Structures are given as C-alpha cells and as structure tokens.
Amino acid sequence: MLKVLLISAIAFSSATSFAQTASNLAPGSPGKDAQWESAGKEGIGTSTSLESKVWFTLRGGVMTEVYYPTVDVANVRMLQFIIVSADGKRVETEEQDTTHRLEVLDTQALMFRQVNTAKSGAYTITKTYVTDPARPTVLINVQFKPHNAERLYIYYDPSLNNSGMHDSAWTQDGALLASDADKASALVFSPSTLVGRFGKTTNGYFETSDGLVELRRNGRIDRGYERAVDGNVVQVAKIPPEYSGNLYEQALGYSETSDAEFTVALGFGREAHEALRNARQSLFKGFTATRAEYEQGWHGYVRTLRHVAPKYQKRFNMAAMVLKAHEDKTYRGAMVASLTVPWGGGANANEPNVGGYHTVWARDLYEVATAFNAIGDHAAALRALNYLFTVQQKSDGSFPQNSWLNGRPAGGGLQMDEVAYPLILAYQLGRTDNETWVKHVKPAADFIVRKGPATPQERWEEEAGYSPSTIAAEIAGLVCAAEIARRNHDEASAKTYLATADEWARKVDRWTATTSGVYGDKNYYLRITENNNPDDGARLEINSNGGTYDEREIVDAGFLELVRLGIKRADDPLVIKSLGVVDKVIEVQTPNGAAWYRYNHDAYGERADGGRYDAQAGRGRLWTLLTGERGEYELARGLKELARKRLDEMMKFANEGGMIPEQIWDKPESPSPELRFGKGTGSATPLAWATAQFIRLAINLQAGRNLDTPDIVAARYIKQ
C-alpha cells in the first residue's frame with residue numbers, strides 16, 4: 001500500500017506544473033545579497049558510484065554547499081533546523097544557538113554525524129548524512145529530542161546553479177521545490193514508516209520575507225507564502241509533530257515532548273519533477289538501506305589502499321577518501337582544489353561567477369595525481385593526466401591558471417610550473433606513446449623552452465619573475481620530456497630540452513639566490529626576483545595590499561622543489577643556509593607542531609580582527625602543506641624521524657572530521673572561538689593539495705624515500 005501511495009504521489013507531482021501553484025507570492029523581492037558559507041568544512045561526502053552526482057559539505061552543525069551535477073556547481077547555501085519554544089517566544093537556529101559536535105561514524109567511509117545541543121540544554125538534534133548511490137539525493141537521518149514541547153522547522157536556502165539569486169521556489173504536493181535554469185531541487189521528508197508531508201510551509205526572500213524572519217517576529221508562520229520568484233529565496237517548513245515515526249505513541253495520543261526520528265531527502269534534477277522523483281525514490285529506499293549501500297562502496301575502495309604504519313592508517317584512509325571525493329563523475333579525472341569558497345568568497349554570491357576553489361588547477365591536480373599513484377590508485381592518476389591533456393591543455397601547449405570542469409579558463413594567469421608538472425606526471429605514469437608525445441608533451445615542452453624560465457605567476461599565483469620553485473618544475477619537466485622524445489626517436493627535441501634544462505640548472509642559483517641579502521650571511525634563495533638579478537634590490541609589491549619591500553627581504557621555502565624534483569642534493573650548502581633563513585623568518589611553533597607562512601608579509605588570510613579575507617587588510621596565516629613539504633625534504637636528507645614528526649604535526653592540524661586545512665591560525669591570541677592556534681581558519685578545508693601532501697609523506701616514509709622524485713632527473717643532476 002505504501003508503494004502505491006508513493007508512486008501515485010510522484011505521478012501527481014510530475015503532472016502538476018509550477019504555473020498551477022497558487023499565486024500567493026512573497027514580498028521583499030529579491031531579498032538581501034547572497035553569500036557562501038565559510039570554507040572551514042568539517043566533513044564532506046559523496047557516494048563512490050558514478051550515478052550519484054551529488055556532493056555535500058558540513059560545517060558548524062549544518063549542511064552547507066551541495067554540489068550537483070558536477071563538483072564545480074554549488075546549489076545550496078545552508079540547510080538547518082529552526083527550533084521554536086512552545087510559547088513561540090524563543091526562536092533558535094542550529095548554527096547560532098547550539099553547541100556542535102561532529103562524529104566520524106565509520107573510519108572506512110565518508111560517514112559523518114552532527115550532534116547539536118541547545119546552549120540552554122532544551123533539546124538535542126542529531127543528524128547523519130549519506131548520498132544515495134543510485135541517484136543525486138542527499139539523505140539525512142534526523143533525531144530530535146525536545147525537553148519542553150519545542151516545535152521544529154526546517155530551513156533551506158537553495159543557491160542553485162552557483163548563485164544565490166535567480167532562484168524560484170514554491171510548495172507543491174507537500175514538497176519544497178526550487179529551480180534556476182536547468183538545476184532544480186526538491187526537499188521532502190518521511191518518518192520511518194510513512195509518506196510524510198510538511199506542515200505549514202513558506203517560500204520567501206532572504207532576510208526580507210523568509211520563514212525565519214516571520215518566526216522571529218510572530219513565533220509561528222501565519223500566512224505562508226506559496227512561491228518566490230527570481231531572487232535569493234529561502235524555504236521554511238514545519239515538521240509535523242505527529243510524524244515521530246512511533247506509530248504506537250501516535251495511536252495512544254502523540255505528545256510533542258516525545259523524541260522524533262525522520263529522514264529528510266534533498267533531491268536534484270534538471271527539472272523540478274525530476275528532482276522530486278529522485279528525492280522520493282530515495283526516501284522509499286529508506287535511510288538504512290541507502291546507508292548500507294553507501295558504506296559498502298567506500299569499504300570496497302578502502303580495501304584497495306596501501307597500508308601505512310598503524311598509527312596513521314585511519315587518517316590515511318580518510319585522506320584517500322577525501323581525495324577521491326574531489327573527482328568529478330562526469331568529467332573523469334577532473335579534481336577540484338577544494339569543495340569550498342574560501343571565507344565564503346568575500347563578495348556577494350548573487351551571480352555564478354565566483355568559483356572559489358571548486359575549479360581545477362593543473363598544479364593541484366598534479367599533486368593529487370601523485371598521491372593517487374602513491375596509494376596504488378593508478379587508474380585515478382591516469383584519468384587526471386588524461387584530463388590535463390585532453391580537456392585543459394591549450395593549442396599552444398600551455399595550461400590555464402585554472403579552469404571550470406569543461407576546460408573553460410576561470411583565471412586569466414599563466415603559471416609555468418603548471419605547464420611543466422604534466423610532463424613530469426606523464427613520465428612517471430609511463431605515458432610515453434607517440435600520440436601523447438606529439439599532441440601533448442612536445443607542445444608543452446616547446447612552450448617552456450620559448451617562454452621560460454621566468455613565469456608570469458609563480459605557485460602562489462601573485463608575482464612574475466624568476467622563481468626557484470617554478471624553475472625546478474621547468475627543469476624537471478624538460479628532462480622528462482626529453483626522455484619521452486628519445487623514446488619516440490626525436491633526438492633533436494631531446495637534445496634541445498636537455499640543453500635548456502642543464503643551462504637553467506646551472507643558472508638557477510645566480511637568478512634566484514641573493515648574495516647581498518638582509519639575513520644570515522646574506523646568501524640565500526629568495527621567493528622570487530623580478531628579473532634575473534637577485535642583488536639589485538628591486539621593489540616587490542605584495543598582493544592584497546600587503547605592502548612593498550626590497551625583494552631580498554621576502555623569502556619562502558619554494559626552493560625545496562629543487563630537492564624534491566631531483567635537481568639539488570638535500571645537503572646542498574645553499575639549501576641548508578636558506579632553510580636557516582626560512583626558519584628564522586617564517587616558521588611558527590604552534591601547539592600542534594611547526595608550521596610556516598607562504599612568505600613573510602603575506603596578506604592572503606583573515607584580517608587581524610579575525611574577519612574574512614577581503615584583499616585589503618588580510619594577513620597570511622600558516623600553510624599546512626608546507627609542513628609536509630618540509631617532511632619530504634627531511635626524508636631526502638635521511639632525517640626519517642624528523643620527517644615522521646612532520647606527518648604527526650599534519651595529523652594534529654586536521655579538524656575533528658579529519659579534514660586537513662589550507663591554513664591554520666598563527667597566534668595564541670584569537671579574536672574568535674573558531675580561530676584556535678594551530679587549527680584551521682576560514683580558508684579552504686579540506687584542501688586537496690594539503691591532503692595529497694599528507695598521503696605522499698605517509699607513503700614515502702613507508703618506502704624510506706620520496707617516490708615522487710623523478711628518477712631520471714635525480715640521475716642527471718644528483719647521482720652523477
């Protein structure tokens with residue numbers, strides 16, 4: 001009987017159009033400006049199946065961005081619950097009025113539970129998340145424990161098609177539907193044994209006529225607007241108290257103080273009827289069965305992973321799953337830098353032009369591919385290389401600064417290391433066939449010879465000039481390209497590439513290491529030089545209003561790429577001296593271990609008052625991936641225990657969900673409880689590059705050497 005009712009409901013909904021809904025239109029159009037939530041995610045999730053093209057993110061006790069149908073399209077700002085006291089005088093939200101705890105339910109699956117307890121102690125809400133492996137639906141098992149007959153409402157802020165504006169929302173057949181162009185969502189719920197229908201619903205505009213505004217004003221939803229059109233819409237619905245899922249209590253006379261358990265389904269589709277069908281089919285399958293399928297998929301993947309020391313295995317498994325979750329299911333091999341918009345993006349999110357980090361950088365994709373190769377997922381690494389060559393690479397052989405999944409450039413810069421890293425990856429993965437050589441490797445290598453060694457942007461995407469880290473990638477890329485040329489009988493190209501690489505290897509110190517500096521004995525690597533003279537005192541303007549300095553004052557640890565890529569020995573005197581300068585100028589000892597700034601005077605981070613980065617008054621914070629890079633250097637130098645200490649530190653930098661952040665707070669003093677010394681900030685968490693660095697260091701420690709160092713490069717410059 002239940003199945004008949006469900007199919008009938010779906011058929012009715014599909015036949016009912018938006019035009020047939022009542023004309024009770026909400027006032028206050030288009031609502032206040034949209035904004036993405038902070039990028040400090042505590043958990044992310046998606047199914048391992050290719051059919052389930054949906055990804056969720058969790059932070060601060062609520063669900064934040066949900067991506068569909070690809071990992072570069074965000075469709076949700078927030079989904080949370082509103083709690084109203086029995087007399088209507090107290091209106092609270094999970095985000096603001098509860099203390100939050102996140103639990104990892106399964107160390108071999110992306111299974112997370114949020115436990116939110118009212119600061120007053122009046123109620124507890126427990127939510128467990130999965131996605132349906134068969135379709136684009138997020139299922140949330142909800143347990144609500146009220147103490148004083150509190151009423152429960154669901155608050156859903158759709159931001160379809162990568163923007164908060166231009167959405168339309170309406171109530172239809174007991175469901176909340178929303179759409180923007182070819183993206184639509186459907187929000188429905190069900191007790192454990194019934195086809196549920198929301199109680200009172202309202203569709204309004206953000207902070208002008210939405211349901212939360214009305215609840216705070218009246219303690220209840222009086223009117224209930226049936227639709228809101230082309231704006232920043234918010235949907236609110238009451239969870240009926242009779243749907244506790246306990247039929248015995250209902251038969252005896254349901255009390256609102258009883259615990260309630262139900263499932264919420266958020267489905268997506270090209271049209272509203274498709275989204276609603278997906279949501280209801282997932283509900284019909286049920287949370288328990290869906291969770292079993294979801295976990296089974298992840299368990300199967302974890303069984304394929306390599307083993308590391310037992311101390312690290314759980315975090316290693318989590319890191320590997322996080323990386324896998326960043327791969328798109330349509331554009332295979334495309335892995336975004338992070339399922340986030342750092343600090344919520346700063347500017348409003350009214351239009352779909354803010355990609356945040358959910359775009360693809362060739363450099364980050366190289367880092368991730370090397371991690372996949374290290375854990376034994378060679379297929380994923382090959383997919384990444386194939387994406388770089390067949391989707392991202394331009395006709396002149398170069399790669400965009402970053403791109404949307406379809407290859408359309410997102411940023412307009414050119415970074416020469418991003419042209420070089422795919423060549424290193426091709427060699428390491430054995431992609432030396434003639435087609436790869438002619439169509440992809442040769443055009444990129446020729447581009448490096450023509451345009452290098454200087455770069456319009458270095459790896460921090462800000463400055464032009466001669467960068468040690470960029471030149472290291474170029475040298476290694478050319479040596480790898482030369483070997484691929486030789487295997488394809490193009491000796492002339494191989495000779496050109498090797499001659500160029502050798503010349504740059506001889507000159508890199510002259511171009512990038514000052515002998516008249518301001519630290520130590522005045523001889524050390526700089527972050528970057530404007531021209532090929534590191535002693536001329538050229539003025540370097542730091543991005544994001546960071547000030548202007550003599551370039552000899554600005555240092556970073558990018559020169560360690562010369563060691564990792566096999567161009568310099570780990571005990572090279574200039575490398576060791578430069579590390580001494582780096583540790584003196586940009587190292588911070590946090591409660592969780594040593595960490596480093598990207599460079600001194602960096603301005604890419606929260607403001608001094610803890611406010612989100614605004615490109616005007618920010619201050620750079622500590623980067624977790626730099627601790628991992630230091631560990632790889634120490635391993636190359638034979639300092640295995642010190643390298644292991646770096647891996648321990650990276651584990652401590654992670655949050656309670658095991659997510660490894662881009663940046664961590666750098667001071668004992670904090671302007672906000674969320675900013676803790678040695679823990680993640682509002683920057684991208686998790687960051688795929690940092691996660692990949694953790695994986696690589698763990699595997700390299702197990703192997704006793706850096707597996708990502710190209711043997712052919714090291715043989716040429718170190719082992720002669």
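The values are calculated or read from the model by the stated rules, or taken from the named source; none is laboratory data. Keep in mind the model is a prediction, meaning the values are calculated, not measured. Glycine gets a Cβ as well: all are built from the backbone with ideal geometry, and neighbour counts include every protein chain shown. Side chains included, ligands, DNA and RNA excluded: accessible areas come from the protein's heavy atoms. Shrake-Rupley method; radii C 1.70, N 1.55, O 1.52, S 1.80 Å.
Within the stretch 145-158, residues that are touching a residue at least 12 places away in the same chain (Cβ under 8 Å) and within 18 Å of residue 178 (Cα to Cα) sit with their Cβ atoms under 9 Å from residues that are open to solvent by less than 30 Å² (accessible area, probe 1.4 Å) and of a type in the set (Asp, Glu), at 6+ positions apart or across chains, in these pairs: 155/94; 155/210; 157/210; 158/167; 158/180.
Rundown of residues vs (1) touching a helix residue (DSSP H, G or I) at 6+ places or on another chain (Cβ under 9 Å); (2) closer than 23 Å to residue 237 by Cβ, yes/no style:
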| residue | (1), (2) |
| --- | --- |
| 94 | no, yes |
| 104 | yes, no |
| 109 | yes, no |
| 131 | yes, yes |
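Out of curiosity, is residue 64 open to solvent by 30 Å² or more (accessible area, probe 1.4 Å) and not in a loop (DSSP other than H, G, I, E, B)? Here the answer is no, as residue 64 does not meet what is asked. The set of residues from the stretch 599-643 being within 14 Å of residue 680 (Cα to Cα), open to solvent by less than 20 Å² (accessible area, probe 1.4 Å) and among the charged types (D, E, K, R) comprises 606, 621. Restricting attention to the stretch 412-432, the residues that are open to solvent by 10 Å² or more (accessible area, probe 1.4 Å) and touching a residue at least 24 places away in the same chain (Cβ under 8 Å) total 7.
Here's the yes/no breakdown for (1) open to solvent by 30 Å² or more (accessible area, probe 1.4 Å); (2) among the β-branched types (Val, Ile, Thr):
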{"site": "523", "(1), (2)": "yes, no"}
{"site": "530", "(1), (2)": "yes, no"}
{"site": "533", "(1), (2)": "yes, no"}
{"site": "565", "(1), (2)": "no, no"}
{"site": "571", "(1), (2)": "yes, no"}
{"site": "590", "(1), (2)": "no, yes"}
{"site": "597", "(1), (2)": "yes, no"}
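Checking each residue in the stretch 498-521 for being of a type in the set (Asp, Glu) and open to solvent by 70 Å² or more (accessible area, probe 1.4 Å) picks out only 521.
Just give me the residues in the stretch 60-74 being more than 13 Å from residue 164 (Cα to Cα) and of a type outside the set (Val, Ile, Thr), in sequence order. Within the stretch 60-74, 60, 61, 63, 67, 68, 69, 72 meet the criteria.
Checking the stated criteria, residue 463 turns out to be charged (D, E, K, R), in contact (Cβ under 8 Å) with a residue 12 or more places away in the chain, crowded, with 21+ Cβ neighbours inside 10 Å and farther than 15 Å from residue 363 by Cα. Taking the stretch 84-102 as the range and being within 27 Å of residue 344 (Cα to Cα), over 25 Å from the mean Cα position of the chain (by Cα) and surrounded by fewer than 23 Cβ atoms within 10 Å (Cβ to Cβ) as the test, the residues that pass are 91, 92, 93, 97.
Annotation: residue 716 fulfils all but one of (1) open to solvent by less than 20 Å² (accessible area, probe 1.4 Å); (2) within 18 Å of residue 561 (Cα to Cα); (3) out of contact with any Leu (no Cβ under 6 Å at 6 or more places or on another chain); (4) not polar (S, T, N, Q); the unmet one is (1).
Among the residues of the stretch 148-175, just one is of a type outside the set (A, V, I, L, M), out of contact with any strand residue (DSSP E or B) (no Cβ under 6 Å at 6 or more places or on another chain) and closer than 16 Å to residue 118 by Cα, namely 148. Which residues, counting only those in the stretch 19-59, are charged (D, E, K, R) and either under 22 Å from residue 163 (Cα atoms) or touching a helix residue (DSSP H, G or I) at 6+ places or on another chain (Cβ under 7 Å) (or both)? 32, 33, 37, 41, 53, 59, listed by residue number.
Can you confirm whether the stretch 629-643 contains a residue that is in a helix (DSSP H, G or I) and under 27 Å from residue 109 (Cα atoms)? No, because not a single residue in the stretch 629-643 is in a helix (DSSP H, G or I) and under 27 Å from residue 109 (Cα atoms). Selection of the stretch 47-58 for residues being out of contact with any His (no Cβ under 9 Å at 6 or more places or on another chain) and either under 23 Å from residue 300 (Cα atoms) or buried (at least 24 other Cβ atoms within 10 Å of the Cβ) (or both) yields 47, 48, 49, 50, 51, 52, 53, 54, 56, 57. Set side by side, the residues 556, 571 differ, and just one is in contact (Cβ under 8 Å) with a residue 40 or more places away in the chain and under 25 Å from the mean Cα position of the chain (by Cα), which is 556. Of all the listed residues (110, 105, 79), the sole one being free of Cβ contacts under 8 Å to residues at least 24 places away in the same chain and either open to solvent by less than 10 Å² (accessible area, probe 1.4 Å) or touching a Ser or Thr at 6+ places or on another chain (Cβ under 9 Å) (or both) is 105. Every test in (1) out of contact with any helix residue (DSSP H, G or I) (no Cβ under 9 Å at 6 or more places or on another chain); (2) modelled with pLDDT under 95; (3) within 14 Å of residue 152 (Cα to Cα) is passed by residue 242 save one, and that test is (1). Restricting 618, 610, 605, 593 to those that are touching a residue at least 40 places away in the same chain (Cβ under 8 Å) and in contact with a Pro (Cβ under 8 Å, 6 or more places away or on another chain) reduces the list to 610. For the stretch 401-411, the count of residues that are open to solvent by less than 10 Å² (accessible area, probe 1.4 Å), of a type in the set (Ser, Thr, Tyr), at negative phi and not in a loop (DSSP other than H, G, I, E, B) is at least one.
Would you call residue 72 assigned to a loop (DSSP other than H, G, I, E, B), in contact with a His (Cβ under 8 Å, 6 or more places away or on another chain) and open to solvent by 10 Å² or more (accessible area, probe 1.4 Å)? Judged against the criteria, residue 72 is a match.
Within the stretch 324-333, is there a residue that is closer than 30 Å to residue 166 by Cα and at pLDDT below 95? Among the residues of the stretch 324-333, not one is closer than 30 Å to residue 166 by Cα and at pLDDT below 95, which makes the answer no.
Does residue 652 count as over 21 Å from residue 364 (Cβ atoms), open to solvent by 30 Å² or more (accessible area, probe 1.4 Å), in contact (Cβ under 8 Å) with a residue 60 or more places away in the chain and in contact with a Phe, Trp or Tyr (Cβ under 9 Å, 6 or more places away or on another chain)? Here the answer is no, as residue 652 does not meet what is asked. Within the stretch 198-221, residues that are closer than 22 Å to residue 174 by Cβ reach partners that are assigned to a helix (DSSP H, G or I) and among the acidic types (Asp, Glu) with beta carbons closer than 7 Å, at six or more positions or on different chains, in the pairs 202/214; 221/214.
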